[in-house]
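Report on the following structure.
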Amino acid sequence: MAFSGLAGLVEEKSAYGETTLVVDLPRLVEACTALRDEHGFDMLVDIAATDYLGWGSPGVSGYIGTAQGRNLNHPMTQGFQVLPAPKPKRFAVNYQLRAIQRGAPRVRVQVWVDDGESVPTVVEIWPTADWFEREVWDMMGIEVEGHPLHERLIMDEDWEGHPLRKDYPLGGEPVRFSGEE
Amino acid sequence: MMAVTQRPPTQDPIYDGTRIPSPIPTVLQLDPSLRDTDDILTVNFGPNHPSMHGVLRLVLDLDGEVVVGVKAKVGYVHTGFEKNMEQKTWWKAITYAPRIDYVSFQNNELVFVLAVEKLLGIEIPPKATWMRMLLCELNRLHSHLVWLGTSALELGAISMFWYTFRERDLVLDLSEMVAGYRMHTRYFQTGGLAEDIPPGFYPECRKFVEWMPKAIDDYDALLRKNEIWEERTQGLGLLSRADAIALGQTGPVLRASGVDWDLRRDDPYLFYDRVGFNVPVLPNGDTYDRYRIRIEEMRTSVEIVEQCLDRLERMEGEPWTADDRKVVLPPREELHTSMESLIHHFKIVTEGYRVPEGEVYVAVESPRGELGCYVVSDGGPRPWRVKFRAPSFAALEATATVVQHHYVADLIAVVGSLDTVMGEVDR
């Protein structure tokens, strides 16, 4: 399927048999409307946000092996570390779309967001985005502009922080009434 | 013999257009003209209500007995599965997947394992794939049996619960035989299966396959023409075709609204393109049709299990896991004799295998609909991000659309017919 004329299209990537459309953030709604109306992607399946803070720092991540395979203990590849390619911004928000009335094509729309930036809502296009976008706000702290009910979904309303961010502290929360308070 | 009185059809026709509340699709707001009247009672339904499926809280506005406002609140069983999986190696993270949806555990395990395998590009022996299919279909039976038993129980049909849980136990016995555990088996590994299929499994499974269609006929005989069941389910909880698609419904809920869509047939994974099965689709979009879809799906599952058994019985002695020592644990007995196997075992268990960089989204047809797994790898031994697309999560979003202007007593049956598992919604 050709997406070359899509509004705000930055890049069309293809990997593992999946198509990813990187879209310019301000034109996301325009692109999504076109995908629904012109390309037939009538169902929004999922919205997944990813935090890339610390992506590719040596020692933490990286792939040991040859370009051909995962032969990590092969004598010739010892210590040969390929760091993953840097990402344009801190967060990626991925919209998995599906055209269920036109066979089974599937596409992923991806927008890149920095900390403090917000994504426009797509509730008007796919009503199912409602909870998925609230989850993105709740778990990743990416504000959704224009969402009709911009509240936390899973955590408590007075919860501090956004748990799925990479800089969210691990190691538990203070226990109330434990004597240390 | 008593004459059966003919009663007028209670069934409402399915509506055209859309009923999704506006502007918030998941919240049914109280009509402004009713807001300050004394007749409106706001009730907190749940989170711990005996008739709720798990810990779901609904804030209801009632006008007499009629639901005029709904707001669903979730998050009571949030346990941070996705965050936990980021901290574990790929190998250990498999353990978390089945616990997300504890009723269709095998499908959850499968979707994560498939995602990792897609990134690894590893080849799976056919015997393992057939066995995965068999177990996933048994798991579908398990899930539908739990749904049928509890849903009938909520409407007062207590006996259904005992019958369905009798067969559910047979499924779990098979699970125990294969994996040693009744639930959350962790029998699927990247590369294939954790162990070979035990001797004696096929005959036991055959017995079950022969027994199960009769049991399904019994359930159907108990409910299908049951007047109380018909009256409590027909024409209630309507969801039109357009609304079901707009609200992201998948699985039985979508098919009961007349959309012919099944991932097993339309986007085949495993060997679903090599077995014959039909996809039941019904047009009415009510609770009754959702019930009938699930009954038909149970029959389909039994057929698929049978076809898997036919193949598996001819595969005695074939490998059940990929021959890739960098990913698959070496056989236990080799650890005592082979230094290399010991090193491999140690590396996989402690550091974990590394998975090439990339992002994939894999979807399977779980008993509840499209179960997706979005996985990002940075090339390291741990997942960078795991996101589960839970079918129950989307199904619950339809609550405000399907329950409007129903009696509060019907609300239980209608929300129950969406078949949600809260562990999966909250993750």
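Select from the stretch B:84-96 the residues that are free of Cβ contacts under 8 Å to residues at least 40 places away in the same chain and buried (at least 18 other Cβ atoms within 10 Å of the Cβ) and list them in ascending order.
Let us first name the residues in the stretch B:84-96 that are free of Cβ contacts under 8 Å to residues at least 40 places away in the same chain, namely B:84, B:96.
Within the stretch B:84-96, B:TYR96 is the sole residue that qualifies.
The rows are residues; the columns are (1) within 12 Å of another protein chain (Cβ to nearest Cβ); (2) in a loop (DSSP other than H, G, I, E, B); (3) touching a Lys or Arg at 6+ places or on another chain (Cβ under 6 Å); (4) at pLDDT 90 or above.
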site: A:ALA7; (1), (2), (3), (4): no, yes, yes, no
site: A:VAL10; (1), (2), (3), (4): no, no, no, no
site: A:ASP46; (1), (2), (3), (4): yes, no, yes, yes
site: A:ALA49; (1), (2), (3), (4): yes, no, no, yes
site: A:TRP55; (1), (2), (3), (4): yes, yes, yes, no
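Has the stretch B:373-384 got any residue that is touching a strand residue (DSSP E or B) at 6+ places or on another chain (Cβ under 6 Å), closer than 30 Å to B:LEU134 by Cα, within 10 Å of chain A (Cβ to nearest Cβ) and of a type in the set (D, E, K, R)? No, the conditions are met nowhere in the stretch B:373-384. The condition (being over 30 Å from B:VAL328 (Cα atoms), of a type in the set (A, V, I, L, M) and at pLDDT below 85) is satisfied by just one residue among B:LEU62, B:LEU34: B:LEU34. Quick check: is even one residue across the stretch B:347-357 touching a residue at least 40 places away in the same chain (Cβ under 8 Å) and assigned to a helix (DSSP H, G or I)? Yes, that holds for at least one residue. For the stretch A:92-119, a residue qualifies if it is outside any loop (DSSP other than H, G, I, E, B), among the hydrophobic types (A, V, I, L, M, F, W, C) and within 13 Å of chain B (Cβ to nearest Cβ), and the qualifying residues are A:ALA92, A:VAL93, A:LEU97, A:VAL107, A:VAL109.
If a residue counts only when it is under 23 Å from B:GLU313 (Cα atoms) and touching a His at 6+ places or on another chain (Cβ under 7 Å), which helices (runs of 4 or more DSSP H) contained entirely in the stretch B:154-245 have at least 1 such residues? Give the derivation first.
Details: elements: B:158-179, B:201-223, B:227-233.
Here the list reads B:158-179.
Within the stretch A:137-158, if we keep just the residues that are outside any loop (DSSP other than H, G, I, E, B) and not aliphatic (A, V, I, L, M), the residue that is farthest from the other protein chains (Cβ to nearest Cβ) turns out to be A:GLU143. Are any residues in the stretch B:341-372 facing chain A (nearest Cβ under 10 Å) and among the acidic types (Asp, Glu), and if so, which ones? Answer for the stretch B:341-372, where residues must be facing chain A (nearest Cβ under 10 Å) and among the acidic types (Asp, Glu): B:GLU351, B:GLU357, B:GLU359, B:GLU370. Checking B:ARG132, B:ARG140 one by one, the residue that is of a type in the set (Lys, Arg), farther than 28 Å from B:LEU329 by Cβ and touching a helix residue (DSSP H, G or I) at 6+ places or on another chain (Cβ under 8 Å) is B:ARG140 and no other.
Taking the conditions exactly as written (charged (D, E, K, R) and touching a strand residue (DSSP E or B) at 6+ places or on another chain (Cβ under 9 Å)), does B:GLU351 satisfy them or not? Walk me through it before giving the result.
Values: charged (D, E, K, R): yes; touching a strand residue (DSSP E or B) at 6+ places or on another chain (Cβ under 9 Å): no.
Considered against the rule, which asks whether it is charged (D, E, K, R) and touching a strand residue (DSSP E or B) at 6+ places or on another chain (Cβ under 9 Å), B:GLU351 comes out as no.
The values are calculated or read from the model by the stated rules, or taken from the named source; none is laboratory data. As the structure is a prediction and not an experimental result, all values here were calculated from the model. Backbone-built Cβ (ideal geometry, glycine too); neighbour counts: all protein chains shown.
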